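**Student:** The structure that follows is given in the form of structure tokens.
Please treat every number below as a calculation from the coordinates, not as lab data. Note that this is a predicted model, so its numbers are computed, not measured. Note: ideal-geometry Cβ built from the backbone for every residue, glycine included; neighbour counts use all protein chains shown.
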Amino acid sequence: MIMHILQCLRKKFHDINYQTRLMALITLIISLIISSITFDVFLAIQQDFIWTNNCLSEDLIALLISKLSFMIHRSNEIEINKLFEDIYLDIASIRYLTFLDSHGFIYCDFPEYHCKIKYFIETGSTLFNCRDMDCISIIRYSLFFNDQIADISIPILIDGNKIGSLELGLNINLNLFSWSKLIGYLSIIIFVSIWITGIILVLFNSINILGSIYALRICIQSIADGNFSARVDLPAQGYLANLIISFNDMVECLEFYEKKNIEQLTLEKSKLETLISLIADGAILLDQELRIIFINQVALKTLNIFKHGIIGTYIYDHFPRYINEQFLPILNSMIGENSHKQYRTDTDCLLLKFNNQNSKTLRFVLTTVFDQDRSVLTGVAIIIEDLTQEVKLNEAKAQFISNVSHELRTPLFNIKSFLETLYEYNDSLSEIEKMDFLDIANQETQRLTLLVNDVLDLSRLESDFQYISDAIILSEIIPSIIQTSQLRAKHQQVILLHRICSSIFKIEAYYNLFIQVLSNLLDNSLKFIQVGGQIVIKAYLITACPMNKKSILHKVRIQIIDEGMGIKTGDQSRIFDRFVRVENNIHILEGTGLGLSIVKNIIEKHKSTIFVHSEIGVGSCFWFDLLLLEKKN
């Protein structure tokens, strides 16, 4: 057990650093030196006090004996007893008084303490024998009933002859034993006080240092957590003052650098977000858990998602189930395969068709994003391309090719058939039959010409070809266009009317293109109108206020109103697309689906817009606005 304790103490001692050991050694040396000096000083004071007291006692004794010697020599035994009794009773400081004769026997003693007498006798005899040699007074200190007294042995001489000795016990103020103990206690107290003071100073200093270190640790922890505004708020004094000042300066520098870096990152992020927001395609950035980190406005609009609260949500929460069944396996596969690989970017494409209210076909380009420094997968970038119009265009082109093929095949077949008949049966056919065959072939050729012209017109309108505007008199153009279609209208028993405001004289338009617009719209109305219906072309003034409100623009609104079969609401936004025919599902009417697309492009060349309003079974109304150049007076 003792060995174990010693080993523990030895281990604890070895754990103490050299600086602490040195401080303990210095404290020990200082405490020993101060305690020794204190002990020597108090001991010297005690000895000096004893010496002074002895000198005083000897002087008093000498004075007393000079008087007593003569009185003892002259008095008898009763008088001597009476003398010593009076001395004992008169002097309160005398604790005992014993007179011995020249042979060392007790002549008288006061008080009569039987327990102490034998000791006095023995002591007195011893002292008496000693004085026989020296004939001098002896003073020593002892305890008398727990009181400290001075034992004084005084030889009484007459004419140089010793006639006896007087033993006195005097009370003294100096407690020699207490003084000795006091000196020892004081030395120990000083020794312990030095250690306690040193320990208190060390503890106080340690508490201050530990407080500063604790504050430093808390501040360092805050900085490690990213809080660079933390400071060590302690008085700049003591051993750690320079460290605290340097630390706060360092934190200020770190805070400045952090703000600068954050500003730089914010600027770069803003630039990146602005750049991504400006691209035509949708962009989404996901983390490893498929949560949305960033999404641009195009993606929100394409996916029909509200931006509020979308950041931090899972991407699959915004897709229907049938989309997630196609989309999530590829995403999970990309993340699972690349999470444990070295840096390698994988890209995958996915075509998804959303069968919601607005049917869309979207292409998702998925690309893994890696941290190049740590070679760790950080997320997935998704580029969304809206292919809806492209898919519709491809479908329309396929429909157009089918329509054009049919439109080309029929007249070509008719032309070929009639020409072959003329070639093979030329001699057997009459002149009237030959002329009929040639007339039919000519009509079919005109149909082919119109079809080719429509395609060429559309191609030219979509190019950057520059047209020259003219001042067109509506009151002349509209009746001539109606007159051109009057024969066909009579054949269909359709009434063609026009109503032109009397104050309209000239408008600004491209002459040939304007005629083509009215002709196409009128032809389109004739195509879908029922027998006995009515078509009206109206033109009237409207007033338009520009943004600056400094001038008023007068425009002419032109409307083509028919009593046809009408157009479904869902199809009204598609009828101006190329190659679109929406009259029915079997396309029994002739046409290429380019007429209204040509009209739209021509109106846009005039820096205007064409609108349509239609109801099934009631009819349709197309209108657009052109700039008025001149009114009639």
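**Student:** Quick check on the exposure proxy: order D436, D386 from fewest to most C-beta atoms within 10 angstrom.
**Tutor:** Exposure proxy ranking, most exposed first: D436, D386.
**Student:** Taking Cα pairs under 8 Å and at least six residues apart, what relative contact order does segment 392-459 come out at, in percent?
**Tutor:** Once divided by the residue count of segment 392-459, the mean separation gives 39 percent.
**Student:** Taking R0 as 25 Å, what FRET efficiency do you get between R409 and L351 from their Cβ-Cβ distance, rounded to the nearest 0.05?
**Tutor:** FRET efficiency, R409 to L351: 0.15.
**Student:** In segment 190-210, whose amide N lies under 15 Å from the spot 7 Å out along Cα-to-Cβ of T38? List them in ranges.
**Tutor:** 190-199
**Student:** Further question on the same structure: Where does each of D562, D151, D225 land when they are ranked from fewest to most other beta-carbon atoms within 10 angstrom? Write out the running numbers ahead of the final one.
**Tutor:** Details: D562 28, D151 20, D225 9.
By the 10 Å Cβ count, ascending, the order reads D225, D151, D562.
**Student:** Could you tell me which of the pairs K271/K301; K555/K605; K392/K605; K490/K568; K506/K632; K301/K360 are separated by over 18 angstrom between their Cα atoms in the structure shown?
**Tutor:** Correct reply: K271/K301; K392/K605; K490/K568.
**Student:** Above 16 angstrom, tally the Cα pairs of segment 375-452 and express them as a % of all pairs, no decimals.
**Tutor:** When every Cα pair of segment 375-452 is considered, 67 percent fall beyond 16 Å.
**Student:** Counting other beta carbons within 10 Å of each residue's own, what order do H308, H103, H318, H613 fall into, fewest first? If you can, show how the numbers build up before the last one.
**Tutor:** Working: H308 6, H103 9, H318 18, H613 14.
By the 10 Å Cβ count, ascending: H308, H103, H613, H318.
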